[in-house]
């Protein structure tokens, strides 16, 4: 029972970061979603030691291990849009796959090149 | 049935379906058996066969959706856990992932625009390489359709994992750091799960790339949209 209460409080703490992030987004008129701002804030708090990992560990681990659960209700909403992939819509799948190959290649090659260059310098 | 009871039933069904999907994925470990895909398909089948409108399901589904924001915040913790790897490899990971993000958003936007799709569809496709909750947030702020965004994220994740060995071979991406950035940056959590099976380093790098990419895409997408559209 203690564990359950602990997790609920920790998820409450995460929600607080989310609300602050959302608030910052609207006050400063930022383009980054409030949830991402909240994430960066939490990372900052953890890195600087303001917040101990033990205060959020149980709640975040539960959420991260089951991340997919939280967006299932929204993904189910695709049933109202299935016709988009009919006919010409199949092109969207090709575009997504093509663009994914580009991201994978570009990110992979650039980081590999930087790492190998760095290793050569150190030798 | 009262609204509250409908909501509870919807949540219980989602939980049960999700746990079955996780079990199935443990037994049959393929990219296309990821729990989000099998759960979504199963719930859609349930709703269609019992003629339950999506709106009714969302009475409870909406409560789960409210936790999406805090779920994105939770991603700070795995990033924090990988901070030593991040410190050692700051430049390659950040530069590689950011370039990937720019290429991904630009190619998605331009290709879909040239193909003549409506703006709402283009904005749903654009953030496909980042983890679903962030992709949904980005799509929402652009005026796209969030469930569609989730579908494109799944295509990028599952497709990316299936194509990855061919892509890595073709372009000679051999280093675990390069592969980790490629997997996490292009195929988010589904790619990261696959990267973790290859090696610990590739998995760690992929975790970082996935989160850095989420931040990068949410930062650059509005700028690239105003540039291209």
Residue by residue through segment A:58-84, note down the ones that are within 7 Å of chain B (Cβ to nearest Cβ) and out of contact with any helix residue (DSSP H, G or I) (no Cβ under 7 Å at 6 or more places or on another chain). none
For the structure I just gave you, tell me whether residue B:153 is within 17 Å of the chain's Cα centre (by Cα), more than 8 Å from chain A (Cβ to nearest Cβ) and either at pLDDT 95 or above or surrounded by 21 or more Cβ atoms within 10 Å (Cβ to Cβ) (or both). yes
Residue B:136: on the phi < 0 side of the Ramachandran plot, surrounded by fewer than 19 Cβ atoms within 10 Å (Cβ to Cβ) and within 7 Å of chain A (Cβ to nearest Cβ), yes or no? no
If we keep just the residues of segment A:85-101 that are surrounded by fewer than 20 Cβ atoms within 10 Å (Cβ to Cβ) and within 15 Å of residue B:155 (Cα to Cα), which is farthest from the other protein chains (Cβ to nearest Cβ)? A:90
Options A:19, A:13, A:42: the member that is modelled with pLDDT of 95 or more, crowded, with 20+ Cβ neighbours inside 10 Å and under 18 Å from the mean Cα position of the chain (by Cα): A:42
Suppose we filter segment B:114-132 for residues that are more than 7 Å from chain A (Cβ to nearest Cβ), in a helix (DSSP H, G or I) and out of contact with any helix residue (DSSP H, G or I) (no Cβ under 6 Å at 6 or more places or on another chain); how many remain? 3
From the options B:135, B:193, residue that is at pLDDT below 95 and either under 18 Å from residue A:101 (Cβ atoms) or in a helix (DSSP H, G or I) (or both): B:193
Being within 7 Å of chain A (Cβ to nearest Cβ) and closer than 13 Å to residue A:116 by Cβ is the filter here, so list the residues in segment B:167-178 that pass it. B:173, B:175, B:177, B:178
Please go through segment B:195-214 and give me each residue that is surrounded by fewer than 22 Cβ atoms within 10 Å (Cβ to Cβ) and either touching a residue at least 60 places away in the same chain (Cβ under 8 Å) or within 11 Å of the chain's Cα centre (by Cα) (or both), ordered by number. B:201
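Residues are listed down the side, and each one gets a yes or a no for (1) in a helix (DSSP H, G or I); (2) within 9 Å of chain B (Cβ to nearest Cβ):
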{"site": "A:8", "(1), (2)": "yes, no"}
{"site": "A:11", "(1), (2)": "yes, yes"}
{"site": "A:27", "(1), (2)": "yes, no"}
{"site": "A:31", "(1), (2)": "no, yes"}
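The values are calculated or read from the model by the stated rules, or taken from the named source; none is laboratory data. Values in this document were obtained by computation on a predicted structure and should not be read as measured data. Note: ideal-geometry Cβ built from the backbone for every residue, glycine included; neighbour counts use all protein chains shown.
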